[in-house]
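Data first, discussion second: the structure below is written as structure tokens.
The values are calculated or read from the model by the stated rules, or taken from the named source; none is laboratory data. Here the structure is a predicted model, which is why all the values come from computation and not from measurement. In this analysis, Cβ positions are derived from the backbone assuming ideal geometry, glycine residues included, and neighbour counts consider all displayed protein chains. Ligands, DNA and RNA are stripped out before the accessible areas are found, and what is left, the full protein with its side chains, is counted by its heavy atoms. Shrake-Rupley method; radii C 1.70, N 1.55, O 1.52, S 1.80 Å.
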Amino acid sequence: MTETRDLDPEEWELWGAWTRAQRLLAQELDRALQRDFGISKAEFSVLMALWRAAGRELRVGELSESLGWEKSRVSHQLTRMERRGFVARTESGAYGRRTGTKLTAEGRGAVQSAITGHAGNIRRHFFDTLTPQQADAIRAWSEQTIERIESHGDVSARRP
């Protein structure tokens, strides 16, 4: 068994700066979605998953898997979004057992208006501040981290 060692002060500082930067970036992007488009990050995530899906429709299990969320969280989120008119539940298969979710016209409008604005905010707060070398390093590190964690069988870490 390999002995683990503590982080040195510079490593703790890097870790703290990285986690704070992630948190602040996520908060800023979330606030902008709410302020500019009247939707939450969770709503945007669901809308995007459905937008990208064939026929703009997914079964709840497929949506849960694509988002990396528990089915109960997806179900609660869909209930709230259905009340807002963004999604509609669908039934098909034998005896209507297969419950799916599809985008409504209002949901399509919400996601279409948010895509460009959200992309602009991501560009402004993230991409525009990176050099090509920094972007390459972040991509390489991210891909290595995903591969390392997913290859150890941690299903909860698998996200699209």
Residue that is farthest from GLU70 (Cα to Cα), among those in the stretch 131-160 that are at pLDDT below 95 and outside any helix (DSSP H, G or I): HIS152
Index of the failed condition, TRP51 passing every other in (1) open to solvent by less than 50 Å² (accessible area, probe 1.4 Å); (2) in contact (Cβ under 8 Å) with a residue 40 or more places away in the chain: (1)
Filtered residues of the stretch 14-27 (kept if over 13 Å from the mean Cα position of the chain (by Cα) and loosely packed, with under 14 Cβ neighbours inside 10 Å): LEU14, TRP15, GLY16, ALA17, TRP18, THR19, ARG20, ALA21, GLN22, ARG23, LEU24, GLN27
Meets criteria (farther than 19 Å from ARG84 by Cβ and out of contact with any helix residue (DSSP H, G or I) (no Cβ under 9 Å at 6 or more places or on another chain)) for GLU28: no
Residues (part of a helix (DSSP H, G or I) and more than 19 Å from the chain's Cα centre (by Cα)) located in the stretch 110-130: ASP128, THR129
